[in-house]
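Taking it in order: structure first as structure tokens, then the write-up.
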Amino acid sequence: MKDKGLRLIKNNSFTIFLLVLGMMILYWTRDYKEVPSGIGPAFFPRIVAALLIGLSVICLLFSLKKEDSAMTVEKHASVNIVISVVSLTVMVGIMKYVHPLAGIALFLLVYLKVIAKLAWVRTLIITGAGTAVLYLVILILRIPL
């Protein structure tokens with residue numbers, strides 16, 4: 001039993017880290033000022049924290065269902081990590097100096113083409129549709145860009 005618990009922690013250490021990080025974000029934002037519209041300084045950190053906690057719990061539950069969840073590392077995983085970090089860094093720069101939607105669209109395009117290895121037509125359709133939906137949500141919520 002003890003060995004199974006240690007194996008669960010070892011195989012899910014990053015998931016547990018994200019779960020704890022989400023809880024810490026909720027704790028840190030507990031004293032943030034509330035505003036009448038509800039979209040104040042704590043709104044987005046709490047959304048991110050809720051997503052971190054929720055998705056981490058789902059990952060842990062799926063991990064518990066598996067008998068022996070040995071983690072396998074893909075051959076080109078380190079290349080994918082470097083590509084993701086570089087494209088994320090470039091995205092943040094584009095979001096700051098060009099336009100937020102341009103940075104998000106570029107990151108989505110790079111991720112779908114390079115990491116997910118989708119065909120160009122599918123990549124462009126998903127990127128365009130995803131960016132359009134995001135733009136509509138921003139308009140509906142009246143988020144200033």
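Only one of (1) at pLDDT below 85; (2) surrounded by fewer than 16 Cβ atoms within 10 Å (Cβ to Cβ) is not met by Ala119, so which one is it?
It fails just one condition, (1).
What residue, among those in region 25-62 that are among the β-branched types (Val, Ile, Thr) and more than 23 Å from Ser13 (Cβ to Cβ), is farthest from the chain's Cα centre (by Cα)? Show your work before the answer.
Taking region 25-62 first, the residues among the β-branched types (Val, Ile, Thr) are 25, 29, 35, 39, 47-48, 53, 57-58.
From the residues that got through so far, the ones that are more than 23 Å from Ser13 (Cβ to Cβ) too are 29, 35, 39, 47.
On the way: Thr29: 19, Val35: 26, Ile39: 20, Ile47: 11 Å.
Restricting to residues being among the β-branched types (Val, Ile, Thr) and more than 23 Å from Ser13 (Cβ to Cβ), the top hit is Val35.
Look at Thr127 and say whether it is buried (at least 17 other Cβ atoms within 10 Å of the Cβ) and free of Cβ contacts under 8 Å to residues at least 24 places away in the same chain.
yes
Within region 72-101, how many residues turn out to be outside any helix (DSSP H, G or I) and at pLDDT 80 or above? Explain how you work it out, then say what you get.
Filtering region 72-101 down to residues outside any helix (DSSP H, G or I) leaves 72-76, 98-99.
Next, from what is left, pick out any that are at pLDDT 80 or above: 98-99.
Qualifying residue count for the region: 2.
Can you say whether Ile58 is modelled with pLDDT of 85 or more and surrounded by 15 or more Cβ atoms within 10 Å (Cβ to Cβ), as far as the supplied structure shows? Let's see the steps before the verdict.
Working: modelled with pLDDT of 85 or more: yes; surrounded by 15 or more Cβ atoms within 10 Å (Cβ to Cβ): no.
Judged against the criteria, Ile58 is not a match.
Each row is one residue, and each column tells you yes or no for (1) touching a residue at least 24 places away in the same chain (Cβ under 8 Å); (2) surrounded by fewer than 14 Cβ atoms within 10 Å (Cβ to Cβ).
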{"residue": "Asp3", "(1), (2)": "no, yes"}
{"residue": "Leu6", "(1), (2)": "no, yes"}
{"residue": "Phe14", "(1), (2)": "no, yes"}
{"residue": "Ile25", "(1), (2)": "yes, no"}
{"residue": "Thr29", "(1), (2)": "no, no"}
{"residue": "Pro36", "(1), (2)": "no, yes"}
{"residue": "Pro45", "(1), (2)": "no, no"}
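Quick one: what pairs do we get from region 131-143, first residue over 15 Å from Phe43 (Cβ atoms) and β-branched (Val, Ile, Thr), second part of a loop (DSSP other than H, G, I, E, B) and modelled with pLDDT of 90 or more, C-beta under 9 Å, 6+ apart or different chains?
The qualifying pairs do not exist here.
Modelled with pLDDT under 85 and open to solvent by 40 Å² or more (accessible area, probe 1.4 Å), is that true of Leu108? Don't jump to the end; show me each part of the working.
Details: modelled with pLDDT under 85: no; open to solvent by 40 Å² or more (accessible area, probe 1.4 Å): yes.
For Leu108, the condition - modelled with pLDDT under 85 and open to solvent by 40 Å² or more (accessible area, probe 1.4 Å) - is not met.
The values are calculated or read from the model by the stated rules, or taken from the named source; none is laboratory data. The structure displayed is predicted, hence computed values, not measured ones. No Cβ is skipped: glycine too gets one built from the backbone with ideal geometry, and neighbour counts run over all protein chains shown. The area values use the complete protein model at the heavy-atom level, side chains included, leaving out ligands, DNA and RNA. Shrake-Rupley method; radii C 1.70, N 1.55, O 1.52, S 1.80 Å.
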